[in-house]
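Beneath this line is the structure, given in structure tokens, with notes to follow.
The values are calculated or read from the model by the stated rules, or taken from the named source; none is laboratory data. These figures come from a predicted structure and were not determined experimentally. Cβ placement follows ideal geometry from the backbone for every residue including glycine, while neighbour counts extend to all protein chains displayed.
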């Protein structure tokens with residue numbers, strides 16, 4: 001077997017010999033970075049779905065300021081869109097959580113306890129937040145029984161702001177205990193602790209906030225391993241660049257047997273740059289449940 005660095009292009013290009021151990025370390029490093037990227041990508045999907053819910057709520061409230069309607073078709077359309085947003089949130093959180101346990105093992109190959117540590121922290125987040133527990137149960141209900149929104153409430157109320165009356169438009173969505181109780185498999189412990197109706201907007205915010213904590217734990221567990229993996233690939237890039245210039249497009253590490261490539265590892269870091277950008281963009285959400293967007297004016301309308 002031979003192990004070498006070369007660019008995956010049709011033209012004749014220089015090669016740099018590397019040790020067998022170096023090749024397998026590069027393969028492990030690439031798997032680590034790919035798994036770390038997968039975690040951030042699935043979290044981005046989850047956040048995208050959450051933001052779609054928030055934007056739809058604001059958009060519907062804004063439209064109601066100029067086109068209020070109690071038409072059943074109009075109500076159906078608005079509720080349908082919000083149900084779709086919630087289903088997407090519930091589905092993407094399941095995707096994120098189920099695959100996180102798998103991905104973390106590849107992100108921290110030298111720590112067999114990483115998955116157990118993450119599972120314990122995730123269990124703590126579940127125990128500490130009713131909305132986490134509720135949304136997990138609601139996902140199962142939505143998958144097997146019915147849609148999450150039981151009560152859809154567009155609202156227009158006069159609000160006194162600095163002595164002036166202004167009309168505030170909102171859209172509220174709820175899950176009702178009486179509907180969930182009809183499902184024989186809905187968790188009885190959740191029914192016992194839930195109020196008659198749960199504000200699904202608030203529940204979604206607190207759920208995503210709790211999941212952000214779980215992601216932050218995962219990032220902490222894998223930070224050293226990911227930094228080391230990137231450095232391993234950067235060292236290989238530097239080794240090739242020192243011998244043959246800075247153009248690293250298509251650079252791979254190859255395992256060669258009888259003149260044929262048996263396996264290869266792509267040594268580009270473009271997608272890992274995306275991972276780093278996603279991680280920088282999606283910080284830990286502290287008190288997300290206490291934040292909301294508002295169209296309230298900064299001056300009196302009276």
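In the stretch 242-256, what residues are in contact (Cβ under 8 Å) with a residue 24 or more places away in the chain and not in a loop (DSSP other than H, G, I, E, B)? Passing the criteria: 243, 244, 251, 252, 253, 254, 255, 256.
Taking the stretch 66-79 as the range and being outside any helix (DSSP H, G or I) and in contact with a strand residue (DSSP E or B) (Cβ under 8 Å, 6 or more places away or on another chain) as the test, only 68 passes.
The condition (being under 16 Å from residue 207 (Cβ atoms), over 19 Å from the mean Cα position of the chain (by Cα) and without any contact (Cβ under 8 Å) to a residue 40 or more places away in the chain) is satisfied by just one residue among 113, 98, 127: 127. Taking the criterion of being surrounded by fewer than 17 Cβ atoms within 10 Å (Cβ to Cβ), under 27 Å from the mean Cα position of the chain (by Cα) and within 30 Å of residue 115 (Cβ to Cβ), would at least one residue in the stretch 207-217 satisfy it? Scanning the stretch 207-217, I find at least one residue that is surrounded by fewer than 17 Cβ atoms within 10 Å (Cβ to Cβ), under 27 Å from the mean Cα position of the chain (by Cα) and within 30 Å of residue 115 (Cβ to Cβ), so the answer is yes. Restricting attention to the stretch 14-23 and to residues that are exposed (fewer than 15 other Cβ atoms within 10 Å of the Cβ) and outside any strand (DSSP E or B), the residue that is nearest to the chain's Cα centre (by Cα) turns out to be 21. Just one residue in the set 95, 82, 120, 53 is touching a strand residue (DSSP E or B) at 6+ places or on another chain (Cβ under 7 Å) and more than 30 Å from residue 241 (Cβ to Cβ); that residue is 82. Touching a helix residue (DSSP H, G or I) at 6+ places or on another chain (Cβ under 6 Å), crowded, with 16+ Cβ neighbours inside 10 Å and not in a helix (DSSP H, G or I): is that true of residue 285 in this structure? So residue 285 passes the test. Of the set (1) surrounded by 13 or more Cβ atoms within 10 Å (Cβ to Cβ); (2) free of Cβ contacts under 8 Å to residues at least 24 places away in the same chain; (3) outside any helix (DSSP H, G or I), all apply to residue 63 but (3).
Selection within the stretch 160-187: residues that are touching a strand residue (DSSP E or B) at 6+ places or on another chain (Cβ under 8 Å) and within 18 Å of residue 203 (Cα to Cα). The member of this set that is surrounded by the most Cβ atoms within 10 Å (Cβ to Cβ) is 173. Scanning for something modelled with pLDDT of 95 or more, buried (at least 17 other Cβ atoms within 10 Å of the Cβ) and closer than 25 Å to residue 170 by Cβ, does the stretch 106-125 turn up at least one residue? Scanning the stretch 106-125, I find no residue that is modelled with pLDDT of 95 or more, buried (at least 17 other Cβ atoms within 10 Å of the Cβ) and closer than 25 Å to residue 170 by Cβ, so the answer is no. Cβ-Cβ contacts under 6 Å between residues 6 or more apart (or on different chains), taken from a first residue in the stretch 27-50 that is without any contact (Cβ under 8 Å) to a residue 60 or more places away in the chain and on the phi < 0 side of the Ramachandran plot to a second residue that is crowded, with 18+ Cβ neighbours inside 10 Å and in a helix (DSSP H, G or I), are listed as 42/96; 45/92; 49/89; 49/92. As a summary of the residue check, residue 236 satisfies the conditions (1) in a helix (DSSP H, G or I); (2) surrounded by fewer than 19 Cβ atoms within 10 Å (Cβ to Cβ) except for the one numbered (2).
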